[in-house]
Amino acid sequence: NFLTGNFGYSIQAGVPVRQQLATNLPPTLQLASLGLLMAVVLTVAIAALSNMVGFGWLRAAIQSLPSLFVSVPVFWLGIMLIQVFSFQLGLVSVISPGPVERLILPVLTLAIPISAPLAQVLMRNIDEVLAQPFVAVARAKGASRNWVLWKHVARNAVLPTLTIAGVLFGELLAGAVVTEAVYGLNGLGGLTNQAVGNHDTAVLQAIVVISALAFVTINLAVDLLYPVLDPRLGSKLGISA
C-alpha cells in the first residue's frame, strides 16, 4: 500500500494520511530547502572570510564560529532569535507576520547549526588544497592568493562539502520538527507532534517513510551530480563536465 501512496487513515483526524501529507509536507520541504540554502551561504561566507582575513586573532575567531554554532540547541536558538530580533530589536514580527517574514527566523534557526559542520569541512578542504603543488606553481607564476582561491581551490574543496550537505539534509528534516513547534508553523513537525500525542501510528509511519525517501533521494542526486562537477571522475565514467 505504501508503494501506491496509500498510508491508511488517521485515527485522530479520520481522513486519509496522504491528504494530511499533501497539506503539511510542502511547508516543511520549503523550510528545509531554504534552510539548506542559507546554510550554504553561511558556510561560504565563513570559509571565505577565514581565508581572506590576514589577522591571526581575527581569523582564529572566524574559524571558531562553526564550533560555537554546532553546540547550540535548535530550540534554544529559536527562542533566542525570537527574543532578540522580534522583542528587543523589533525587526521581525512573530505576530501575524507576512508569508516571507514568517520564514526568516525559522530558516536561520535551521541554517545556523547545519552550517557549522559544513564550514568545518570546507575550511579543512581549502587548507588541504592550498597545500597542493599546483597552488604553489600558480602562486609562483604571479597569481594572487584570492585569484587562486576562487579559480582553482574552491571547486576542488567544495566537492566533499557537497556530499556532507546531502547527508545533513536529513538533519534539516529532523530539525524542522523542533523549529516548527517553536514558531508554531504548520508542517510535518506539527503533524508529528500531534501524531505522537494521539498515538496515531499510521501518520507516524507515513512521516518516517517520506523522510527516509527524501533523505535517499537527496543523497542519490548528490552522487549523480558528483561526476558532473568533478572532471576527473567524470572522465573515468565517460561523462563530460
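Which entry in (1) 71, 53, 27; (2) 71, 39, 33; (3) 55, 46, 32 is this structure's computed Cα extents along the principal axes in Å?
(1)
Given a Förster distance of 51 Å, report the FRET efficiency between Thr163 and Thr23 from their Cβ-Cβ distance, rounded to the nearest 0.05. If you can, show how the numbers build up before the last one.
Details: r = 33 Å, r/R0 = 0.64.
With a Förster radius of 51 Å, E is 0.95.
Full extension from Val72 to Leu37: what is 0.36 nm times the residue separation minus their Cα-Cα distance, to one decimal in nm? Can you show the working numbers first?
Numbers: separation 35, 0.36 × 35 = 12.60 nm, distance 1.94 nm.
Here the segment from Val72 to Leu37 would lengthen by 10.7 nm.
In the chain, if the dipole is taken from +1 on Lys/Arg beta carbons and -1 on Asp/Glu beta carbons about the Cα centre, which of Phe87, Trp76, Asn219 is farthest to the positive end?
The Cα lying farthest towards the positive end belongs to Asn219.
On the first, second and third principal axes, largest extent first, how far apart are the outermost C-alpha atoms of the range 80-142 in Å?
Reported extents, whole Å, longest axis first: 58, 23, 22.
Every number in this text was worked out from the coordinates using simple rules, so none of it is lab data. Note that the structure is predicted; figures quoted are calculated from it, not measured. Note: ideal-geometry Cβ built from the backbone for every residue, glycine included; neighbour counts use all protein chains shown.
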